[in-house]
Each structure stands twice: as structure tokens, then as C-alpha cells.
Amino acid sequence: MLTAEHQNPSYNNILQQAKEEITRLIMEQDYIESLSVFDLNGNGFTVGDSPSYISNLSVWKKQSWYPDVIQKKGNFIWVSSDFSGIREQKNKILFARVINKRDTVDGIGILMVVLDNEYLSKMVDSLSNPAIGEFYIYGGESELLFGPETENQEVQEFISEIKAAEKEEIDSKRNGKYFVTGCYDTHMEWNYLCVGMVSAVLSSQWINILIVALVTCFVIIIASYIYSRFSHGVTRELQNLNEIMGRAEDQNFKEEIKIRRIDEFIQLGDAYNRLINRIHILVNEVMREKLNAKQAQLENLQAQINPHFLYNTLDCISWKAMANDQTEIAEMIQCLSKMFRFSLGRGEKEIELSKEVENTRNYLLLQKKRFEDKLVYLIDIPESVMKYRVIKFFLQPLVENSILHGIQSKPEKGYIGISAEEEDRELVICVWDNGTGIDEKQVAVLLDGNTYDNSGKRHRHGIYNVNERLKMRYGEDSALRFENRKNGGTKVTIRIPVDKLRQDD
């Protein structure tokens, strides 16, 4: 791809083959967030769905580390970069190198791989432990690539002193209240370091002694309680029976007697329970008419509840979860809140494609929390088509169908891909998966809406509604097209003429 001439008629095919190969690589490697390949004239592509999705080589050239990559002439660098020049700036670990010709050292292109911070955070969290210490990753030039969010200046100085004395591998060192252990990866030129406090290790011994003492006290208390319970069982049942009958009127005869020992007490308790159950039946018959009279008024009041109450309530719950460090719950609530806002929006019939993609992404994030590592998805849509206005709520039902009928029943990992591009004056949108596939009969059932529940009532499936709306708005040629993929799974394609799409400025 890098050596092909840009004006060559076959260049687009070569570019597409390279892009498909790189896309497959990203889908198989969870730790890759995005990958960019460009020749030195700026021709190439970026694959990935993240803030680091940069599709223009000129933006890469503005990064502070770019001259170092060119200067190394093929040797790689690892760097922690904040990606200046894009909307969201956040430090990411990046691998970059110049690609040379096979027979010379002349550079013909550049490769940039951005690692997934969330993947690295999970890896660090699995290794870090308050009783052991904090985990750090340093690059070959003694640059901190990854570490705790809260920096500890003392620890940083301690590590700097050690690394100044030992350039590569650090085995085990102690200085005052800190100690460090580590190992060196010669292939990646990374130092993995774990820094902890000496007092934390020593205090763990006293904690073990305290735990044993607490468990012993707990066992003694439980043994005493069991002895007291059995020795005073009869007296307790009498007192319980007397107390319940004494407060029967105050409790509106709602409290039942529960006795499990002594037959005479059990019979007396059953008779009392039958009596209060009969009282409840009589009271309910009197109250039912009053409740029916209030029901119409209640329904009228409920109909006046503003949908914004639902948004505000979900936002309050989200903030409460974040305040209690329940970040995963907060993220799920925020995604659900955004989906409700999208569904109960201002009644727009057409919206920007970017908003439709954002709603689908929120749905996938919720499903990702449900299926965890079993579900992997990729959204590959360039900014150039994001401002086209499309009908609302057509993408999420296709993704939901892939999960329910393609991936949910598979024991192995499931993949879902969403792509869009402008081709021959048409906006081509594809949703594909590696599920169980689909046959012609299933397609006919989905598109004709011939689905029935257990009672025999006909239901219009979401796929049917999407297909009908596409045909009504953009014509018969824009109907859903289902096909089975060669390597397994289903692909759904939508083709919409660009002339029928309105684009916002």
C-alpha cells in the first residue's frame, strides 16, 4: 500500500485490503485502541473508535514526539502523549516507528499504535494491592508511561535515584520507608516496577493476629447465643405470643404469629392467623371501592409527570454512585439516561448520523457491561459522513438483533462491527457479526413482520419497522440487505443515495 502509486486505478483496492487486515488485527487484540498507517505524503488511514482516532497525517506531525520517530529511521519509540490538536486531550501510551523499504533503509511510511488505557488500567489494578504497593511502567528513556492517577512525589524521586544508578533491570531496593521490586523487558525496553511502604508489610502481620482474635471472640459470642436460645425457648414463645396479641389492634391485625415448636402453641397460633386473615378480607372489600374511585385521579396525575423527571432522577442516581466510587454503575446509568433522552427527544424525525451512532454506542456499552469480555465491538465511521441527517433509531435495532440472534447463543467471543462510508454517491452503512448466521426463511420472517407470541398475537419486529421506514423515506433500493459472511456470521447493508440526505453545516 505504501509503495503503490496514489493515482493507480487499483490503489483503492489495495487500500481497502490493507484496511480490512488492520481491522481484523484490532478486533483480535484487545489492548489496541487505534492504529494508523500513512505514507510520507499523507495517504493512508486510521482504524479505531476512540479520542485518538486521527485520520490526517498533518495532525500527527504536530505531536512533540514525531521528530524523534523520523530521526530513529525505523527504530521504535514508546511515549506517553496527550495528543494535541484534537477535541479530547488525554494521555495515551503510543508505539511509533518509520517503515522502511525491504531492501534499503529509505523510509516510505509511518506506523502509530495507540494502546487502550482501560485495558492497561485493568492490568495495573489486577497487579496493584494496598498491602504490596503501586505499579508503574517506565519506557526505555526512563519516561513514565503508566502509573497511578495520583502522583506521589516522594516515590517519583525514589525511583529516579534508583534508575540513575541502574539503567536497565531493577531487582529489589530499599530506601528509608519505601522499597521497590521490578523486572526489565528487553524486547519492549520497559521497566515494570512495584513500589510499596515497608510499614505496610510489617503491619500485615499484626492485622493477621487481630483477625484471629476477632474470629475467636465471634465464635464465643455465637456459642453463647445458641445456648441461650435453646435454654429459654419455651419462655420466649409465651412472651412472643403475649406481645403479638397485645399489639394486634395497633398493628391493624396485620402481624401473624410464627411458632415452630410445641404443638399446643402452634395450634393456637394457626387459629389466631386464620382470624386475622378473615379480618383482612373484610377490610379489603370495604377499601376496594375507595381505591377504585381514587385510581382515575391517580392515573391523571401520573400522566402529567414530565419526562425530564426521569432524566433528572437518573442523573441524581449517577452522581450518587460516583460519590460512592461506584464508577461502573454510574457509567451504566449515564448510558441509560442518554438512551432515554434520545428515545424521548424533541420529536425529530431525522437527526445527524453522529447522534444515531452515539445512541448505539451507549447501547453497546451497556451490553458490554453485561457480556464483559464475551462481546467486542468496533465502530469505524469517518467524520466526513457524521453530519448527514438520517432517520432516527435505525441503527440500534440492527445491533440488538446481532446480539440476540447471532452472539448471545455462542459460547466463544462475539464480534460486532459498524462501518459507514460514501461510495459512488451513496452512503453505505454496514452492521456485521461473527454469530450463527441467517437463512432466507429467517430473513423473510424479519422483513415481513410475521412473528407471533405464545398466545398467537402478531408482533411487528424492530427489524421490520426499520426496513419499512428506510423504504418509505429513501426508496426501495435502500431496504435492508442480509447476507452470510464467509467466515461465519451475518452482515446487514444499507445503501442511501446521498442526494436524499441533508447535511448540516
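The values are calculated or read from the model by the stated rules, or taken from the named source; none is laboratory data. As the structure is a prediction and not an experimental result, all values here were calculated from the model. Methodologically, a virtual Cβ is constructed for each residue, glycine included, from the backbone with ideal geometry; neighbour enumeration extends over all protein chains shown. For accessibility, only protein heavy atoms count, side chains too; no ligands or nucleic acids. Shrake-Rupley method; radii C 1.70, N 1.55, O 1.52, S 1.80 Å.
Summary of computed values
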| item | result |
| --- | --- |
| Residue match in region 105-127 (condition: at pLDDT below 85 and over 26 Å from the mean Cα position of the chain (by Cα)) | yes |
| Residue check, LEU2 open to solvent by 30 Å² or more (accessible area, probe 1.4 Å), in contact (Cβ under 8 Å) with a residue 24 or more places away in the chain and part of a helix (DSSP H, G or I) | no |
| Region 166-214: number of residues that are part of a helix (DSSP H, G or I), at pLDDT 65 or above and either aliphatic (A, V, I, L, M) or in contact with a strand residue (DSSP E or B) (Cβ under 7 Å, 6 or more places away or on another chain) (or both) | 9 |
| Count of residues meeting criterion [assigned to a loop (DSSP other than H, G, I, E, B), modelled with pLDDT of 85 or more and in contact with a Phe, Trp or Tyr (Cβ under 7 Å, 6 or more places away or on another chain)] in region 41-62 | 0 |
| Only listed residue being without any contact (Cβ under 8 Å) to a residue 40 or more places away in the chain, in contact with a Leu (Cβ under 9 Å, 6 or more places away or on another chain) and of a type outside the set (Val, Ile, Thr), chosen from LEU353, LEU375, LEU364, LEU395 | LEU395 |
| Residue tally, condition acidic (Asp, Glu) and open to solvent by less than 100 Å² (accessible area, probe 1.4 Å), over region 466-487 | 2 |
| Residue among GLU328, GLU348, GLU383 that is open to solvent by 40 Å² or more (accessible area, probe 1.4 Å), at pLDDT 85 or above and acidic (Asp, Glu) | GLU383 |
| Flag if LEU378 is open to solvent by less than 50 Å² (accessible area, probe 1.4 Å) and not polar (S, T, N, Q) | yes |
| Residue count for region 83-104, restricted to those that are open to solvent by 60 Å² or more (accessible area, probe 1.4 Å), of a type in the set (D, E, K, R) and either at pLDDT 85 or above or under 26 Å from ILE137 (Cα atoms) (or both) | 4 |
| Options ASP30, ASP68; residue that is surrounded by 13 or more Cβ atoms within 10 Å (Cβ to Cβ) and part of a loop (DSSP other than H, G, I, E, B) | ASP30 |
| Identity of the residue in region 389-444, of a type in the set (A, V, I, L, M) and touching a Ser or Thr at 6+ places or on another chain (Cβ under 6 Å), that ends up surrounded by the fewest Cβ atoms within 10 Å (Cβ to Cβ) | ILE438 |
| Inter-residue pairs, beta-carbon under 6 Å, first on the phi > 0 side of the Ramachandran plot and of a type outside the set (Gly, Ala, Ser) and in region 412-433, second outside any strand (DSSP E or B) and surrounded by fewer than 17 Cβ atoms within 10 Å (Cβ to Cβ), 6+ apart | ARG425/VAL498 |
| Residue in region 401-409 that is farther than 29 Å from LYS355 by Cβ and modelled with pLDDT under 85 present | yes |
| In region 488-500, the residues that are open to solvent by less than 20 Å² (accessible area, probe 1.4 Å) and under 18 Å from VAL385 (Cβ atoms) | VAL492, THR493, ILE494, ILE496, VAL498 |
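This table checks each residue for (1) at pLDDT below 90; (2) part of a loop (DSSP other than H, G, I, E, B); (3) under 28 Å from the mean Cα position of the chain (by Cα).
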residue	(1), (2), (3)
ASN465	yes, no, yes
PHE482	no, no, yes
ASN487	yes, yes, yes
ARG495	no, no, no
